[in-house]
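A.B. asks: This is the structure I want to talk about, given as structure tokens.
The values are calculated or read from the model by the stated rules, or taken from the named source; none is laboratory data. As the structure is a computational prediction, the values presented were derived from the model and not from experiment. Please note: Cβ atoms are built from the backbone with ideal geometry, for glycine as well, and neighbour counts cover all protein chains shown. The accessibility values were calculated without ligands, DNA or RNA, using every heavy atom of the protein model including side chains. Shrake-Rupley method; radii C 1.70, N 1.55, O 1.52, S 1.80 Å.
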Amino acid sequence: MPGSPRIAVVGSANTDLTTFTDRFPNPGETVFGKNFDLGFGGKGANQAVAARLCGADVLMVAKVGRDLFGQATIDNFSSFGIDTTHVHIVEDAPTGVAPIFVEPNGQNRIIVVKGANDRLTPADVDAASPELARVDAIILQFEIPLDTIYHTIRFARAHDIRCIVNPAPAVAANLKLLAGADYFIPNESEAQMITGLPVRTEAEAAACASRLLQEGFRRVVVTLGERGSLLADAAGIRHVPPFPVKAADTTGAGDAFIGSFAAFLAEGAPEPQALARANLYAALSTTRVGTQKSFARRADFDAEWARRGAGKD
């Protein structure tokens, strides 16, 4: 796509193993599931696909295993037109997997086995540096080693590249080394774990975001699920309203938000509009089952934005 924004994702690639059930089993209990779906995932991979479907050219930097899922993951990236030059196969670890359990209301629980994702090192980032130096934005998540995340943030700052960090899943981390990111985007549970503050209401989310600003972050976006999102920066705190939908599966909605937000910003959308658009893109992803397969293509999104986006710019 000549003239398209270019985004790099330094992150994870997993295979999603999704089970749909009426309820989660109690300890020691076996229950029957309603359905099963196998698909490609990983927060990094999902964000890369979302950005690509929104019109960006995307470079993926990742590791997979030499197993049933590894080459298939690379082929899946290629099917979207994502650059896989720096997606490498390792011999000593399996491709990451994510068993996902989904209730009828769309709520999900996920267990991630990182596998080859843990083999992504600062040296891999350095090896990709000639290509990374030419991108408009770099996206990171917490399914890869923290040292690789810190290193990539420093690289982005040194090259004046917009850097978006999604601390998912939340783990103990050095906030000072993360604060170099341009955008820090946790969801409610991640924000709560990182700060130790409750995030049950919009007011609590605002207090949590303020705490993160005090830690040195420049811009904090807390995604609030069906309640939209909240932006905090030096200018203050603003709530970005949601777009109501009937959710079937919330898996990957946060990744849809991150990838689309990066793409909308990189193509020049003003920040408030980029956030509103990302809210809608994420909401639309919940109306279909799966992760990457639930993400809207740009033409379909633009049609829905035209229908529902009046007054959100």
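A.B. asks: Which numbered condition in (1) in contact with a Leu (Cβ under 7 Å, 6 or more places away or on another chain); (2) assigned to a loop (DSSP other than H, G, I, E, B) is the only one that ALA62 fails?
C.D. replies: Single failed check for ALA62: (2).
A.B. asks: Is it the case, given these coordinates, that ALA206 is surrounded by fewer than 16 Cβ atoms within 10 Å (Cβ to Cβ), aliphatic (A, V, I, L, M) and more than 20 Å from the chain's Cα centre (by Cα)? Show your work before the answer.
C.D. replies: Working: surrounded by fewer than 16 Cβ atoms within 10 Å (Cβ to Cβ): no; aliphatic (A, V, I, L, M): yes; more than 20 Å from the chain's Cα centre (by Cα): yes.
So ALA206 fails the test.
A.B. asks: Cβ-Cβ distance below 6 Å, separation of 6 or more or different chains: which pairs start in region 144-164 with a residue that is aliphatic (A, V, I, L, M) and end on one that is assigned to a loop (DSSP other than H, G, I, E, B)?
C.D. replies: ILE144/GLY11; ILE144/SER12; ILE144/LEU120; LEU146/ALA173; ILE153/GLY180; ILE153/ALA181
A.B. asks: Oh, and also: Examine region 162-176 for a residue that is within 24 Å of SER229 (Cβ to Cβ), surrounded by fewer than 19 Cβ atoms within 10 Å (Cβ to Cβ), at pLDDT 95 or above and touching a strand residue (DSSP E or B) at 6+ places or on another chain (Cβ under 6 Å), and state whether such a residue exists.
C.D. replies: There is at least one residue in region 162-176 that is within 24 Å of SER229 (Cβ to Cβ), surrounded by fewer than 19 Cβ atoms within 10 Å (Cβ to Cβ), at pLDDT 95 or above and touching a strand residue (DSSP E or B) at 6+ places or on another chain (Cβ under 6 Å).
A.B. asks: Which residues, taken from region 210-242, are in contact with a helix residue (DSSP H, G or I) (Cβ under 8 Å, 6 or more places away or on another chain), of a type in the set (A, V, I, L, M) and surrounded by fewer than 17 Cβ atoms within 10 Å (Cβ to Cβ)?
C.D. replies: Across region 210-242, the qualifying residue is only ALA234.
A.B. asks: When you go through (1) in a loop (DSSP other than H, G, I, E, B); (2) modelled with pLDDT of 95 or more; (3) open to solvent by 60 Å² or more (accessible area, probe 1.4 Å) one by one for ARG157, which number turns out not to apply?
C.D. replies: ARG157 satisfies every listed condition except (1).
A.B. asks: Do the conditions hold for ALA62, that is, is it more than 16 Å from ALA13 (Cβ to Cβ), buried (at least 20 other Cβ atoms within 10 Å of the Cβ) and in contact with a helix residue (DSSP H, G or I) (Cβ under 8 Å, 6 or more places away or on another chain)?
C.D. replies: Details: more than 16 Å from ALA13 (Cβ to Cβ): no; buried (at least 20 other Cβ atoms within 10 Å of the Cβ): yes; in contact with a helix residue (DSSP H, G or I) (Cβ under 8 Å, 6 or more places away or on another chain): yes.
No, not satisfied.
A.B. asks: Also: Which residue pairs have Cβ atoms closer than 9 Å, lie 6 or more positions apart in sequence or on different chains, and pair a first residue in region 67-93 that is under 10 Å from PHE40 (Cβ atoms) with a second residue that is at pLDDT below 95 and of a type in the set (Phe, Trp, Tyr)?
C.D. replies: PHE69/PHE40; ALA72/PHE40; THR73/PHE40; ASN76/PHE40; PHE77/PHE40
A.B. asks: One residue is enough: does region 26-35 have a residue meeting the conditions open to solvent by less than 30 Å² (accessible area, probe 1.4 Å), of a type outside the set (Gly, Ala, Ser) and touching a Lys or Arg at 6+ places or on another chain (Cβ under 8 Å)?
C.D. replies: First, pick out the residues of region 26-35 that are open to solvent by less than 30 Å² (accessible area, probe 1.4 Å): none.
Among the residues of region 26-35, not one is open to solvent by less than 30 Å² (accessible area, probe 1.4 Å), of a type outside the set (Gly, Ala, Ser) and touching a Lys or Arg at 6+ places or on another chain (Cβ under 8 Å), which makes the answer no.
A.B. asks: Right, here's the next one. Could you please find all residues in region 223-252 being under 18 Å from the mean Cα position of the chain (by Cα) and farther than 13 Å from ALA282 by Cβ?
C.D. replies: LEU230, LEU231
A.B. asks: Let me ask you something else. Failed condition for LEU140, given (1) open to solvent by less than 20 Å² (accessible area, probe 1.4 Å); (2) farther than 23 Å from GLY254 by Cβ, with all others met?
C.D. replies: With (1) open to solvent by less than 20 Å² (accessible area, probe 1.4 Å); (2) farther than 23 Å from GLY254 by Cβ applied to LEU140, the lone miss is (2).
A.B. asks: Next question, about the same structure. Which one of these does LYS246 not meet: (1) surrounded by fewer than 15 Cβ atoms within 10 Å (Cβ to Cβ); (2) at pLDDT 95 or above?
C.D. replies: For LYS246, the failing item is (2).
A.B. asks: In addition: In region 249-307, which residues are basic (Lys, Arg) and buried (at least 24 other Cβ atoms within 10 Å of the Cβ)?
C.D. replies: Of the residues in region 249-307, the ones basic (Lys, Arg) are 277, 288, 293, 297-298, 307.
Listed by number, the list holds a single entry, ARG277.
A.B. asks: For region 159-183, give me each residue that is in contact with a helix residue (DSSP H, G or I) (Cβ under 9 Å, 6 or more places away or on another chain) and closer than 14 Å to ARG218 by Cβ. Steps first, please.
C.D. replies: Within region 159-183, the subset in contact with a helix residue (DSSP H, G or I) (Cβ under 9 Å, 6 or more places away or on another chain) is 159, 161-175, 177-183.
If the condition is that a residue be in contact with a helix residue (DSSP H, G or I) (Cβ under 9 Å, 6 or more places away or on another chain) and closer than 14 Å to ARG218 by Cβ, then ARG162, CYS163, ILE164, VAL165, LEU175, LEU178, ALA179, GLY180, ALA181, ASP182, TYR183 are the ones that fit.
A.B. asks: Assess whether GLY39 counts as being part of a loop (DSSP other than H, G, I, E, B), touching a residue at least 24 places away in the same chain (Cβ under 8 Å), open to solvent by less than 50 Å² (accessible area, probe 1.4 Å) and of a type outside the set (A, V, I, L, M, F, W, C). Lay out the reasoning, then the answer.
C.D. replies: Working: part of a loop (DSSP other than H, G, I, E, B): no; touching a residue at least 24 places away in the same chain (Cβ under 8 Å): yes; open to solvent by less than 50 Å² (accessible area, probe 1.4 Å): yes; of a type outside the set (A, V, I, L, M, F, W, C): yes.
Judged against the criteria, GLY39 is not a match.
A.B. asks: Next question. Residues in region 48-81 that are farther than 20 Å from VAL135 by Cβ and either touching an Asp or Glu at 6+ places or on another chain (Cβ under 7 Å) or among the hydroxyl-bearing types (Ser, Thr, Tyr) (or both): how many?
C.D. replies: 3
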